[in-house]
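K.L.:
Got a structure for you, questions after.
The values are calculated or read from the model by the stated rules, or taken from the named source; none is laboratory data. If you're wondering where the values come from, they're calculated on a predicted model, not measured in any experiment. Glycine gets a Cβ as well: all are built from the backbone with ideal geometry, and neighbour counts include every protein chain shown.
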Amino acid sequence: MRRVFGNIDFNSKEVIFSEDTLKHLEVIRINLNEEIEVISSSKAYLCKVISIRPIKVILQSLLPSLDRELPFESILLLPLLKKDNFELCLQKGTELGVTTFIPYISSRVIVRLNESEFEKKRDRYQKIIKEAVQQSNRTVIPTLLPLHKYNDALKIEGDYKYIAYEDEALKGSYIREVDFKNKKVVSLIGPEGGFSTEEVKKAVENKFILTSLGKRILRAETGVYSILSIINYIGEKDV
């Protein structure tokens with residue numbers, strides 16, 4: 001069943017959509033009398049299409065609770081990456097349950113934007129995140145924080161904080177199986193150029209745990225998918 005975001009007027013039972021969502025519904029050629037899921041105020045509702053031109057959708061009922069969110073808070077410290085990789089990480093990170101993205105610039109980041117330039121791209125980034133939420137049937141839209149300097153990003157509070165570092169590959173320093181339920185789990189991935197020795201030291205000073213993602217050297221975006229998948233496996237296996 002298709003899932004989209006909208007605002008429900010509980011008096012008239014009509015669903016109010018943004019212009020982007022209306023265009024999306026037109027593109028996918030939604031059908032008359034089709035039932036769809038509408039996310040409003042982080043809850044899923046069963047709704048029905050009663051008109052195509054113009055598109056009109058009305059509320060039928062609150063859907064049975066099916067929580068697709070992680071049982072813990074997943075925070076990703078994500079460097080600016082070149083080409084489309086940053087946007088791809090926003091998309092896949094959302095699909096993998098990230099609740100907060102903290103974009104940052106460190107000494108070896110190749111892409112250089114200032115905070116103002118980053119904010120000019122925010123609408124596009126938010127659209128990518130929202131579409132990924134709909135695709136993965138989540139009910140919560142992740143928060144995308146403003147662009148941070150590396151040292152400021154490290155100050156994020158967390159119950160478990162991990163930095164993926166290639167020098168740990170042969171030491172067996174893997175993420176241990178612990179109970180993440182209701183905890184705040186922070187993941188830190190480096191840019192294409194990796195971390196400097198000083199940056200790793202700074203992370204450790206801020207209570208990040210050095211961890212390996214395996215013996216192979218991964219691209220930055222692959223490291224994002226890898227660490228999030230490992231954390232999700234540990235955090236969801238006994239749920």
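K.L.:
Of the residues in the stretch 1-29, how many are buried (at least 16 other Cβ atoms within 10 Å of the Cβ), in a helix (DSSP H, G or I) and among the basic types (Lys, Arg)?
P.N.:
So the answer is 0.
K.L.:
Which strands (runs of 3 or more DSSP E) sit wholly inside the stretch 140-216 and have at least 1 residues that are surrounded by fewer than 16 Cβ atoms within 10 Å (Cβ to Cβ), of a type in the set (Asp, Glu) and in contact with a helix residue (DSSP H, G or I) (Cβ under 8 Å, 6 or more places away or on another chain)?
P.N.:
Of the strands (runs of 3 or more DSSP E) lying wholly inside the stretch 140-216, none has at least 1 residues that are surrounded by fewer than 16 Cβ atoms within 10 Å (Cβ to Cβ), of a type in the set (Asp, Glu) and in contact with a helix residue (DSSP H, G or I) (Cβ under 8 Å, 6 or more places away or on another chain).
K.L.:
From the list ILE16, ILE110, ILE36, ILE58, which residue is closer than 13 Å to VAL4 by Cβ and either touching a Lys or Arg at 6+ places or on another chain (Cβ under 7 Å) or of a type in the set (Lys, Arg) (or both)?
P.N.:
When all the criteria are applied, what remains is ILE36.
K.L.:
Could you check THR99 against (1) without any contact (Cβ under 8 Å) to a residue 40 or more places away in the chain; (2) closer than 30 Å to LEU154 by Cβ and say which number it fails?
P.N.:
For THR99, the failing item is (1).
K.L.:
Where residues in the stretch 40-57 are surrounded by fewer than 16 Cβ atoms within 10 Å (Cβ to Cβ) and touching a residue at least 40 places away in the same chain (Cβ under 8 Å), which of them is farthest from VAL98 (Cα to Cα)?
P.N.:
LYS56
K.L.:
Any idea which residue in the stretch 145-169 is modelled with the highest pLDDT, counting only those that are aliphatic (A, V, I, L, M) and touching a Lys or Arg at 6+ places or on another chain (Cβ under 7 Å)?
P.N.:
Top of the filtered list is LEU154.
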